Every structure is written in C-alpha cells, then in structure tokens.
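Here is the structure we will look at, set down as structure tokens.
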Amino acid sequence: MSDIRDDARASFTETFGGEALGVWSAPGRVNLIGEHTDYNEGFVLPFAINRRTVVALGLRSDTVIRVASAYTDEVAEIALAELTPDRLQGWSAYPLGVAWALGEFGADLAAVPGVDIFIDSDVPVGAGLSSSAAIESAVAIALNDVWQLGLTREALARVGQHAENTAVGAPTGIMDQSASLLGKPDCAVFLDCRSLDAEIIDLGFAAAGLAIVVMDTGVSHSHATGGYVDRRTSCERGAREMGVESLRCLDADDLPRAQEILDEVTFRRVRHVITENQRVLDTVRTLREQGAAAIGGLLDASHRSMRDDFEISVPELDLAVETANANGAIGARMTGGGFGGAAIALMPEASVSLLQVALDGAFAEHGYSPPDTFVVTASMGAVREP
Ligand code: ADP
Ligand code: MG
C-alpha cells in the first residue's frame with residue numbers, strides 16, 4: 001500500500017511538477033453475496049478490499065482540471081466550466097465525470113480552484129473488483145476535501161454512481177461506491193438499495209481463520225454493453241408484468257404467479273433476483289447467529305442461481321468455483337457483473353496455497369490460462385492518507 005502511495009506522489013511530481021498537496025485512496029470491493037440485486041432495489045453485502053486506488057492531488061492557480069494515471073499515457077485536460085458528459089470519453093470520463101457530478105450535487109464549478117490529479121492503483125481493472133468505483137470514490141473524496149464541499153459519504157457514493165451512469169454511460173447501481181466509501185476492516189456493508197440504508201456487519205473472518213480468495217479468470221467483460229444491459233431489461237420487464245415497481249417488492253410467495261405469467265426466461269431471471277435477495281438476508285442473519293463458517297451453502301446456492309437462472313457465468317468461472325469447492329472451500333461463487341471476471345472462495349487460510357496449485361492444474365487441463373489467485377481482506381473505505 002505505502003508503495004503505490006509513494007509512486008503516486010512521485011508520478012505527480014514527474015507529470016505536473018511541484019509537490020502534491022495530499023494523497024487520498026479508495027478500495028475496490030468484493031461482493032460477498034447479492035448479485036444483480038442492486039438495480040432491482042434489493043439487498044447486497046459487499047466489502048471493501050485491501051486493493052486501493054490512490055489519488056495524488058495538487059491545486060492549480062487557474063480553473064483547469066488535469067488527470068493522469070499510471071494505467072495509461074494519456075493526460076486529459078479540460079476547463080472545469082466546460083465539463084459536460086458528452087465531452088468526456090475513455091478512462092478519463094471516470095475522474096472527470098466525478099468532478100462534473102460534484103457540480104450536479106451542488107459544487108460551484110465556476111468558483112472552485114483547478115486541480116491536477118495523478119492516479120495509481122493496485123485494483124485489477126475489469127476483474128469484477130470494481131476498479132471503477134475505486135477511482136470514482138478516490139477522486140470524489142479528494143475533491144470533496146480540497147473543494148470543501150462537506151458532502152457525506154452516502155452523497156459521494158451517489159456522485160460516483162451519477163458519474164458512471166451519465167458521464168461514462170454504464171448503467172450500474174450504487175453498491176460498488178457504497179462499499180468503497182463505507183467499508184470497515186473485517187466488516188461488510190449491508191446495503192438496502194431501495195432506502196440506501198447501510199449497516200456495517202462484522203464478518204469475523206480473521207477470528208475464524210478464514211480467508212476470501214479471489215480467482216480472477218482474466219476473461220474480460222463489459223458492463224456498458226451486452227449481457228448486463230440485457231439482464232437489466234429482463235428484470236424491468238419482469239417487474240412490469242408482475243405489476244410492481246421493482247423486483248424488490250416480490251418474495252418467494254410470488255414465484256408461482258411469476259411462473260404462470262412470465263415467459264420461461266424472464267421467470268428464471270426474476271427467480272434469481274427474488275432468491276438472491278433472500279440469500280443476502282439469510283447471510284446477514286447467519287453471520288450474526290452462527291458465524292462465518294456457516295455461510296458456505298448460501299454462497300454455493302448463489303453461484304448456482306447465477307449459472308442456471310440468471311445465466312451470467314462462464315465456463316472458466318464455473319471451473320474456478322468447482323475447483324475451490326473440491327479443495328477445501330466452505331463455499332464459492334462468481335462475483336461482480338458476470339460474463340467473466342472473478343470468482344471468490346471462502347476457505348480456511350491454511351488451504352489457500354493448495355487451492356492455488358489445484359486451480360493451475362485444472363485450468364491447464366481445460367486449456368485455459370491460469371487464473372490470477374490472491375487473498376483479499378475486508379478493509380477500510382476511502383481515506384485521506386497521512
Ligand atoms: P471494473 O470496475 O470491474 O474493474 P469497469 O469496466 O467497470 O471494470 O471499469 C474499468 C475502467 O475504469 C477502465 O477501463 C478504465 O477506463 C477505468 N479505470 C479504472 N481504474 C483506473 C485507473 N487506475 N486509471 C485509469 N482508469 C481507470
Ligand atoms: Mg466497474
């Protein structure tokens with residue numbers, strides 16, 4: 001961690017000259033359970049991870065914003081007054097979109113000082129660990145501080161989501177930004193995506209000797225297109241035909257009626273959301289009453305529901321989950337939007353290295369490149385670094 005922070009400071013000086021005023025950071029996230037429930041106004045249970053995006057920021061004497069990142073050579077620059085979603089594109093739409101969205105949330109972009117921002121990160125991009133929320137949240141908390149906006153973390157989460165929806169054009173929910181801004185060590189963020197109430201839930205993984213292993217398949221996904229949008233559309237159709245505002249309004253008792261009136265595919269999409277919401281509630285209750293070692297079956301059921309009902313898994317994710325369960329995992333599931341990215345396994349710390357060997361073997365046998373496998377711990381949300 002201290003190394004990316006130092007790198008960001010050094011790269012700031014190299015790119016822009018002078019010293020950065022300060023460094024802020026925000027984590028990526030793993031969603032423990034509750035997939036594709038956020039935009040259905042349901043429940044999610046993500047946690048912030050020990051992989052972070054770091055922002056080194058300096059004030060300018062004019063009203064220009066410049067952003068650079070270790071991820072790319074392109075330095076983007078625009079006058080704050082000229083920030084509009086249609087002028088933003090590529091990676092810089094994330095940080096510049098946040099600056100624009102802060103304007104929509106009350107910042108006077110004609111009055112605030114210009115800034116230079118250098119971004120560095122050890123959150124893998126496009127792996128389902130939400131590098132997008134990490135960059136949004138890091139920039140949002142930094143600008144909120146230096147522009148003295150006084151927005152709450154909940155408001156900053158909405159700022160990040162607004163940037164991603166409108167400036168980037170990806171129709172994502174608010175889960176990722178909430179985890180990145182509200183996370184606490186060894187805790188998850190239990191978020192009701194209808195009321196936006198967030199509750200911090202003890203995971204107790206450390207005390208139980210359990211680790212979450214991320215198995216990044218390296219298969220790439222795109223949230224902005226294709227399957228993700230198609231699944232959202234199916235959920236909207238399901239809710240409309242069931243006569244409710246969102247699928248959150250339904251529970252297991254509504255399944256027989258759903259099966260009767262919905263087409264077969266839409267029914268399975270709806271069944272995933274209904275049962276997944278229940279699994280989130282069951283996971284929170286189980287964590288409280290029985291502890292982390294008892295949630296494995298819920299993780300496994302979540303994966304099956306995504307594989308069979310929501311149909312957002314891919315063979316590489318299924319193989320990672322099966323291999324984990326055959327090698328000591330208590331439970332495992334794909335995480336994130338799907339169509340690639342990563343799966344997670346909850347397992348005794350002592351079994352992690354065996355799993356890594358087993359995964360390499362299983363993936364080689366199927367002719368897939370080996371997954372990038374690493375342990376994540378539930379960590380602190382966005383902070384100003386000392
Ligand atoms: P995920 O959030 O799962 O990692 P997304 O497709 O939602 O994947 O977001 C990834 C995009 O966010 C990248 O393609 C890039 O445009 C932007 N991004 C994320 N992290 C950085 C970074 N450190 N520097 C520059 N751009 C980044
Ligand atoms: Mg993302």
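Output the residues belonging to region 271-306 that are charged (D, E, K, R), touching a residue at least 12 places away in the same chain (Cβ under 8 Å) and open to solvent by 30 Å² or more (accessible area, probe 1.4 Å).
Scanning region 271-306 gives Arg271, Asp282, Arg288, Asp300.
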Practice task
Kindly indicate the residue of region 71-86 that is more than 13 Å from Trp100 (Cα to Cα) and under 23 Å from the mean Cα position of the chain (by Cα) and also most open to solvent (accessible area, probe 1.4 Å) among those meeting that condition.
Solution key: Tyr71
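Tell me yes or no: at least one residue of region 226-248 is in a loop (DSSP other than H, G, I, E, B), open to solvent by 40 Å² or more (accessible area, probe 1.4 Å) and at pLDDT below 95.
Pass one, region 226-248, residues in a loop (DSSP other than H, G, I, E, B): 226, 243-246.
This time we only want the ones that are open to solvent by 40 Å² or more (accessible area, probe 1.4 Å), so: 226, 243, 245.
Now narrow it down to the ones that are at pLDDT below 95: 226.
Among the residues of region 226-248, at least one is in a loop (DSSP other than H, G, I, E, B), open to solvent by 40 Å² or more (accessible area, probe 1.4 Å) and at pLDDT below 95, which makes the answer yes.
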Exercise for the section: Restricting attention to region 41-70, report how many residues are touching a residue at least 60 places away in the same chain (Cβ under 8 Å), away from ligand 2 (no atom under 16 Å from the Cβ) and open to solvent by 10 Å² or more (accessible area, probe 1.4 Å). Expected result: 5
Handout entry: Single condition Phe47 does not satisfy, out of (1) under 16 Å from the mean Cα position of the chain (by Cα); (2) within 24 Å of Ala99 (Cβ to Cβ)
Key = (2)
Exercise for the section: Inspect all residues belonging to region 95-103 and state whether any of them is touching a Leu at 6+ places or on another chain (Cβ under 7 Å), open to solvent by 10 Å² or more (accessible area, probe 1.4 Å), within 17 Å of Ala140 (Cα to Cα) and of a type in the set (Gly, Ala, Ser). Expected result: yes
Practice task
Return yes when Gly160 is free of Cβ contacts under 8 Å to residues at least 24 places away in the same chain, over 23 Å from Asp7 (Cα atoms) and either more than 8 Å from ligand 1 (Cβ to nearest atom) or not charged (D, E, K, R) (or both) and no when it is not.
Solution key: no
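State yes or no: is Arg29 within 14 Å of ligand 1 (Cβ to nearest atom), buried (at least 20 other Cβ atoms within 10 Å of the Cβ), basic (Lys, Arg) and under 23 Å from Ser195 (Cβ atoms)? Outline the logic, then answer.
Values: within 14 Å of ligand 1 (Cβ to nearest atom): yes; buried (at least 20 other Cβ atoms within 10 Å of the Cβ): yes; basic (Lys, Arg): yes; under 23 Å from Ser195 (Cβ atoms): yes.
So Arg29 fits the description; yes.
Residue by residue, here is whether (1) at positive phi; (2) in contact with a Phe, Trp or Tyr (Cβ under 6 Å, 6 or more places away or on another chain); (3) acidic (Asp, Glu) holds:
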| residue | (1), (2), (3) |
| --- | --- |
| Thr84 | no, no, no |
| Asp122 | no, no, yes |
| Val139 | no, no, no |
| Ala142 | no, yes, no |
| Val146 | no, no, no |
| Ala163 | no, no, no |
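A quick yes/no check of all residues on (1) more than 16 Å from ligand 1 (Cβ to nearest atom); (2) out of contact with any Ser or Thr (no Cβ under 7 Å at 6 or more places or on another chain):
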{"residue": "Glu276", "(1), (2)": "yes, no"}
{"residue": "Asp309", "(1), (2)": "yes, yes"}
{"residue": "Ile312", "(1), (2)": "no, yes"}
{"residue": "Asp318", "(1), (2)": "yes, yes"}
{"residue": "Ala342", "(1), (2)": "no, no"}
{"residue": "Thr377", "(1), (2)": "yes, yes"}
Practice task
With the checklist (1) in contact with a strand residue (DSSP E or B) (Cβ under 6 Å, 6 or more places away or on another chain); (2) more than 14 Å from ligand 1 (Cβ to nearest atom); (3) closer than 18 Å to Ala93 by Cα in hand, flag the one item Phe105 doesn't pass.
Solution key: (1)
Handout entry: helices (runs of 4 or more DSSP H) wholly inside region 293-386 that include at least 1 residues being closer than 19 Å to Val273 by Cα and in contact with a strand residue (DSSP E or B) (Cβ under 8 Å, 6 or more places away or on another chain)
Key = 296-304
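Quick one: which helices (runs of 4 or more DSSP H) lie wholly within region 116-220 and hold at least 1 residues that are aromatic (Phe, Trp, Tyr) and away from ligand 2 (no atom under 15 Å from the Cβ)?
Working: elements: 131-146, 153-162, 175-182, 205-208.
In region 116-220, the matching helices (runs of 4 or more DSSP H) lie at 205-208.
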Problem - Failed condition for Ala258, given (1) more than 16 Å from ligand 1 (Cβ to nearest atom); (2) closer than 24 Å to Arg307 by Cα; (3) touching a residue at least 24 places away in the same chain (Cβ under 8 Å); (4) not assigned by TED's automatic domain parsing to the domain that holds Ser130 - result: (3)
Practice task
Could you check, for region 189-196, whether at least one of its residues is open to solvent by less than 20 Å² (accessible area, probe 1.4 Å) and either within 16 Å of ligand 1 (Cβ to nearest atom) or modelled with pLDDT of 95 or more (or both)?
Solution key: yes
Fill in the blank from the handout: Out of (1) without any contact (Cβ under 8 Å) to a residue 40 or more places away in the chain; (2) closer than 23 Å to Gly28 by Cα, the one Val383 does not meet is (1)
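The values are calculated or read from the model by the stated rules, or taken from the named source; none is laboratory data. Worth saying up front: this structure is predicted, and the values here are computed from it rather than measured. Because the Cβ atoms are built from the backbone with ideal geometry, glycine has one as well, and the counts that use them run over all protein chains shown. With ligands, DNA and RNA removed, areas are computed over all heavy atoms of the protein, side chains included. Shrake-Rupley method; radii C 1.70, N 1.55, O 1.52, S 1.80 Å.
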